[in-house]
Amino acid sequence: MTHELSALPYAYDALEPYIDARTMEIHHGKHHAAYVNNLNAALEKHPELESKSLDDLIKNLHNVPEDIRTAVRNNGGGHWNHTFFWNVMGKSSDKRPKGDLAEAINKNFGSFEQFQEKFSNAGATRFGSGWAWLVVNGQTGLSVVSTPNQDNPLMDVSEVNGTPILGVDVWEHAYYLKYQNRRPDYLNAFFNVINWDAVSENYAGAL
Amino acid sequence: MPLTLPDLPYAKNALEPHISERTLEFHYGKHHQAYVTNGNNLIAGTEYENLPLEEIIKKTAGDKEKAGIFNNAAQVWNHSFYWKCMKANGGGKPVGAIANKINSDFGGFEQFVDEFKKAGATQFGSGWAWLVLDNDKLRIVKTANAENPITQNLKPLLVVDVWEHAYYLDFQNRRPDYLTTFVDKLINWDFVNSQL
């Protein structure tokens, strides 16, 4: 199976003014595309992996031959993370979660504000490049974690585990053209473009 | 001795058009300054407060509990060194002792350039690519995030910053173009020679 770059689920300028069209165009069209190309290039060396899904590859990196393991971790992770990221942003009917997800957030973090603070802090304090995540681990337990580079909590090699239902990219390429060194401002802005309907769907699917 | 922000060795627009004034305004004025400020806040009142910068870096390297101090202190060192590795109208082939040593240890200038650029291009995520002295031999190493070769008893001679903030306003995703520009137009070989 050749891995493919999906079209963005919305226009490049759909997240303006919070995330600018130029950033989206380079982020999707160059960075994400490069992860897909590099993943395919690595997998060409091992045709026996052709039938494996992206999920299967990144959840079982210990099964990936050592000569391409780092390439699959970095580029398979980059492909998975960005695909996920595009889908948790966009237009949402609400600026906040509702229903079961809202209840679970209140139960696990005390309030939406406390969750937001914890999530933003995880993104702000990830030194270097990486991601902050809201994950489900256990039956209803939600937690906030962060991972370096293109790792994610599904990977067998990750120090933190769980099923991501929301994630934010804190590589500088995600925000530098608009926010430069002001990563906290980017994280605040991100809360205006979260598609809570999609996050709720992820939550239901993770239980 | 508290951490300090050294003066840039040139004006903020001196590296135009290769590295823009705007990049240096943020990179020096915000990022480097923040490492100084945060590092000083973290070492205040600790056993590190009166140590020389290199001692702080060596004593906190590899200690997860001290990651905050290490990251900020090492980034202060790395950036101060990086500024000195560049100059207006720099780059191209070196002369003097470093030129001879590059020829004998890498087999030629082109081989050195290929290896140095490859190290920078393949440092996944944030980090640095270095030319170092390992005892008497030149080597190229790459480090992640704030890590610095002095913690491995290597002597840095040259460094290029490959955190995206070093080049994103000018080159966006094109890190290889930034590395080529750094080698062809910016390296201050006089400084590298002075470190040998």
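Each residue in B:F124, A:F119 was given a count of other beta-carbon atoms within 10 angstrom of its own, and listing them fewest first yields B:F124, A:F119.
Potential lengthening of the chain between A:N121 and A:R96 amounts to 7.2 nm, from the contour at 0.36 nm per residue minus the alpha-carbon distance.
A 23 angstrom limit on the alpha carbon distance is what I want to check against. Which of B:K30/B:K117; B:K84/B:K185; A:K30/B:K84 exceed it? Mind showing how you got there, number by number?
Details: B:K30/B:K117 26 Å; B:K84/B:K185 14 Å; A:K30/B:K84 32 Å.
Going by Cα-Cα distance, B:K30/B:K117; A:K30/B:K84 fall outside the 23 Å limit.
Using the Karplus relation 6.51 cos²θ - 1.76 cosθ + 1.60 with θ = phi - 60°, the per-residue 3J(HN,Hα) values for segment A:125-130 come to 9, 6, 6, x, 9, x Hz, with x marking Gly and Pro. For segment B:175-185, the Karplus equation 6.51 cos²θ - 1.76 cosθ + 1.60, evaluated at θ = phi - 60°, returns couplings of 4, x, 5, 4, 5, 4, 4, 4, 6, 7, 10 Hz by residue, with Gly and Pro reported as x.
Within the set of other residues whose C-beta is less than 10 Å from the C-beta of B:Y28, count the net charge using Lys and Arg as +1 and Asp and Glu as -1.
On the way: positive: B:K12, B:K30; negative: B:D7, B:E25.
That sum, taken over residues with Cβ under 10 Å, equals 0.
What percent does the relative contact order of chain B come to when contacts are Cα pairs within less than 8 Å and at least six residues apart? Walk me through the numbers before you get to the answer.
On the way: 291 pairs, mean separation 48.8, N = 196.
Relative CO of chain B lands at 25 percent.
Can you work out the FRET efficiency for the pair A:R69 and B:D177, with r the C-beta to C-beta distance and R0 = 22 Å, to the nearest 0.05?
Working: r = 29 Å, r/R0 = 1.31.
Between A:R69 and B:D177 the formula returns 0.15.
Test of understanding: what is the full-extension gain from B:A14 to B:A34, defined as 0.36 nm times their sequence separation minus their Cα-Cα distance?
Details: separation 20, 0.36 × 20 = 7.20 nm, distance 2.24 nm.
Separation in residues times 0.36 nm, less the Cα-Cα distance, equals 5.0 nm.
Straight-line cross-link partners of B:K137 among the aspartates and glutamates, defined as a Cα under 12 Å from its Cα and at least 8 positions apart when in the same chain: B:D105. Less than 5 angstrom separates the built amide H of B:G92 from those of B:D184, B:K185, B:L186, B:I187, all sequence-distant by 5 or more or on a different chain. Charged neighbours of B:N145, selected by a Cβ distance under 13 Å, balance to -2 (K, R count +1; D, E count -1). Separation of the alpha carbons by more than 29 angstrom is noted, of B:K93/B:K118; A:K59/A:K178; A:K45/B:K93; B:K66/B:K93, for A:K59/A:K178; A:K45/B:K93; B:K66/B:K93. Here the Karplus relation 6.51 cos²θ - 1.76 cosθ + 1.60, evaluated at θ = phi - 60°, turns the backbone of segment A:195-202 into coupling constants of 8, 5, 4, 5, 5, 4, 4, 4 Hz, with x for every Gly and Pro.
Restricting to Cα pairs below 8 Å that are 6+ residues apart, what does the relative contact order work out to for segment B:21-84? Please round to a whole percent.
38
Counting alpha carbon pairs within less than 8 Å and at least 6 residues apart, what relative contact order, in whole percent, applies to chain A? Can you show the working numbers first?
Details: 318 pairs, mean separation 49.7, N = 207.
Averaging sequence separation for qualifying contacts and normalising by length gives 24 percent for chain A.
Remark: mean inter-chain Cβ contacts per residue of A:172-183 equal 4, using a 10 Å Cβ-Cβ cutoff to other protein chain atoms.
Going highest first, how would you order A:42-50, A:149-157, A:57-65 by mean Cβ packing within 10 Å?
Values: A:42-50: 14.0, A:149-157: 20.6, A:57-65: 16.7.
Order by mean packing, descending: A:149-157, A:57-65, A:42-50.
Against chain A, whose longest principal axis comes from its Cα atoms, helix A:99-109 is set at around 90 degrees.
Taken together, the values in this text are just the output of simple stated rules run on the coordinates, not laboratory data. Only a predicted model underlies this, so the values are computations on that prediction, with no experimental measurement involved. Cβ atoms come from the backbone with ideal geometry, glycine included; neighbour counts cover every protein chain shown.
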